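One structure is given here, and the rest of the page talks about it.
The values are calculated or read from the model by the stated rules, or taken from the named source; none is laboratory data. This is a predicted model, so every value here is computed, not measured. Positions of Cβ are generated from backbone atoms using ideal geometry, with glycine treated the same way; all protein chains shown enter the neighbour counts.
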Amino acid sequence: MKRFALLCALTLSSVVLAQEAAAADEAPDLKNARELATKYLTAVKAKKWADAKKLLHPKTVDAIAERKKRMGKEDHPMAPWYHEKVDYYLKDFKVGGARQGPTASTVVVEATEDNYQVEDKGVAEGEKATYLVGKKDGKWFLVDKKRGEDFTNDSIKLGYKGWFDKIEKVEEAPATE
């Protein structure tokens, strides 16, 4: 029985080490995306709209402007300055995990948010939010937000064509003997 327990412990520690090594390979982009989301949410919480807007993807800025032109209002998930007066505003947040998107230039970042509900005059705590972060022209930007749901790889590939840098896959050269 002791041998079995020791074998299980060794196997599990090997699996954990392999997962940590794999995570270390992905860490820079995931870390950058989490840091960008934190910077953005800090600006939103402080209602520093100019600072928050600087972190938005250029096509997101265009989409917000298009909605304002078409509908007369900036009703977009990445326009918190609009929602502040009529719906909700950010009181606190916690950035969680991040995962690689379907391309090397996309990352999905999870967060939980405490939002003050204007109509209800109360705080809704722990609301799930997911942010799409993407690289365009070598720079990371906040692209979009979903409340209470997640971005799927297919939704990113189909819904944001042409938004991100195309990073070519590097094919390994055949081994020579």
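Observations
- Counting the residues of region 144-165 that are of a type in the set (V, I, T) and not in a loop (DSSP other than H, G, I, E, B) gives 1.
- Filtering region 59-92 to residues that are touching a strand residue (DSSP E or B) at 6+ places or on another chain (Cβ under 7 Å) and under 20 Å from W140 (Cα atoms) leaves T60, P77, M78, P80.
The rows are residues; the columns are (1) in contact with a Lys or Arg (Cβ under 7 Å, 6 or more places away or on another chain); (2) within 27 Å of V118 (Cα to Cα); (3) hydrophobic (A, V, I, L, M, F, W, C).
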{"residue": "N32", "(1), (2), (3)": "no, no, no"}
{"residue": "E35", "(1), (2), (3)": "no, no, no"}
{"residue": "A43", "(1), (2), (3)": "no, yes, yes"}
{"residue": "R70", "(1), (2), (3)": "no, yes, no"}
{"residue": "P77", "(1), (2), (3)": "yes, yes, no"}
{"residue": "W81", "(1), (2), (3)": "no, yes, yes"}
{"residue": "G96", "(1), (2), (3)": "no, yes, no"}
{"residue": "Q100", "(1), (2), (3)": "no, no, no"}
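- The set of residues in region 96-125 being touching a residue at least 60 places away in the same chain (Cβ under 8 Å) and farther than 17 Å from G148 by Cβ consists of A98, R99, Q100, T103, A104, S105, V107.
- Under the condition of being surrounded by 14 or more Cβ atoms within 10 Å (Cβ to Cβ), of a type outside the set (D, E, K, R) and within 17 Å of F93 (Cβ to Cβ), the residues counted in region 124-159 number 6.
- Filter result (at negative phi and either free of Cβ contacts under 8 Å to residues at least 12 places away in the same chain or among the small types (G, A, S) (or both)) within region 68-81: K68, K69, R70, M71, K73, E74, D75, A79
- Verdict on D114 being within 20 Å of V44 (Cβ to Cβ), surrounded by 13 or more Cβ atoms within 10 Å (Cβ to Cβ) and out of contact with any Ser or Thr (no Cβ under 8 Å at 6 or more places or on another chain): yes
- Checking each residue in region 111-151 for being modelled with pLDDT under 95 and β-branched (V, I, T) picks out V118, V123.
- The set of residues in region 31-67 being hydrophobic (A, V, I, L, M, F, W, C) and in contact (Cβ under 8 Å) with a residue 12 or more places away in the chain consists of A33, L36, A37, L41, A43, V44, W49, A52, L55, L56, A63, I64.
- Looking at region 47-133, the helices (runs of 4 or more DSSP H) lying wholly inside it that each contain 2 or more residues that are over 26 Å from L158 (Cβ atoms) sit at 49-54, 80-86.
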